[in-house]
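For reference, the structure is listed below as structure tokens.
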Amino acid sequence: MFDENEQHNLLYNVIVLACFYIDRFDQNPQLCVKKASPFLEMAFSLCNQYKKQAPIEGLVYGSMINHNYGFLLASVGKWSEAVDYYKRAYEGRDFFCDYFRNDETKNELAETAVNYSDCLLFLNRYDEAIECAKKAMELYRHLLQPEYEHIYMNFYKAQQMLGSIYVHVPDKKAEGLNMLSNYRQWAQAHPDNSYQAIFKNISYKILKANGQL
């Protein structure tokens, strides 16, 4: 029987291995899903045991695992299943955002909120998707600092997410197109940002389809 420290180290290392493949998703999506899934399933099992020894930290890891599993399911188009995992991740991270009250937990909640919103959009659950995207923008807005360029990327990614949802809601469509236009301007002004693919694949297509380009 492992003690608490040994359980923690084992759980942590398994999550690191899963994230190793998830971080390389863009290079080989199929390999990422194939390699990361078994590690995340192992992490779920280890986390359930670890929670008995360290409830709070176990819940933190549980939210992380749920978030990553939601990502894998969404990547293969299993939106309904992905929503369930993102919902659990969102609820857990929302609790810890209030519990710890630090920038790290705010950033983690915002990250989950954007991904959760994306899944809800695919399921046409617009009201819930809007709520999550707004939450992400609010959190990132409070985290904006000139020295943290990645936060600005995340903020505009959340703006793009909300704009993409709004174009599906008749009385919000004009506002959504304006938000996508703002995101387009930012993306063009920052050509080296890692979200260029999002701009080209989503915002550009929506704007062009609506006669905005």
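Throughout, read-outs are computed from the coordinates displayed, never taken from laboratory work. Being a predicted model, the structure only gives us computed values, none of them experimental. In this analysis, Cβ positions are derived from the backbone assuming ideal geometry, glycine residues included, and neighbour counts consider all displayed protein chains.
Structure above, values below:
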quantity: Radius ratio Rg over Rh of segment 66-117, counting only Cα atoms, Kirkwood formula for Rh; calculated: 1.02
quantity: Charge dipole (debye, nearest 20) of segment 1-75; +1 at Cβ of Lys and Arg, -1 at Cβ of Asp and Glu; calculated: 240 debye
quantity: Counting all C-alpha pairs of segment 1-51, share separated by more than 11 Å (%); calculated: 65 percent
quantity: Which of 147, 91 has the fewest Cβ neighbours within 10 Å, and the rest in rising order; calculated: 147, 91
quantity: Convex hull per residue volume in Å³, alpha carbons only, for segment 1-116; calculated: 97 Å³
quantity: Extension reserve of the residue 99-residue 201 stretch, reckoned as 0.36 nm per residue once the Cα distance is removed; calculated: 33.0 nm
quantity: Principal-axis tilt of helix 103-122 within the chain, Cα atoms, nearest 10 degrees; calculated: 60 degrees
quantity: Lys/Arg +1, Asp/Glu -1 at C-beta; segment 61-213 dipole; positive extreme among 202, 73, 136; calculated: 202
quantity: Spacing of the two label points (7 Å from each Cα toward its C-beta) at residue 142 and residue 44, in nm; calculated: 3.2 nm
quantity: Eligible lysines near residue 157 by straight Cα distance, threshold 26 Å, same-chain separation 8 or greater; calculated: 78, 87, 106, 134, 135, 172, 173, 200, 205, 208
quantity: P(r), alpha carbons of segment 39-183 - 10 Å bins starting at zero, rounded %; calculated: 13, 38, 34, 13, 3, 0
quantity: Segment 143-209: chymotrypsin sites (Phe, Trp or Tyr not before Pro) falling in loop per DSSP and having at most 14 other Cβ within 10 Å; calculated: 148
quantity: Protection-proxy order for peptides 158-164, 140-146, 129-135, each taking the mean of Cβ atoms within 10 Å per residue, highest first; calculated: 158-164, 129-135, 140-146
quantity: Dipole magnitude of the chain, debye to nearest 20 (Cβ charges: Lys/Arg +1, Asp/Glu -1, about Cα centre); calculated: 820 debye
quantity: Charge dipole (segment 17-74, unit charges on Cβ, about Cα centre) - positive-most of 62, 44, 18; calculated: 44
quantity: Helix-only CD estimate at 222 nm, as mean residue ellipticity for the chain, using -39500 (n - 2.57) per DSSP H run (n ≥ 4); calculated: -26500 deg cm²/dmol
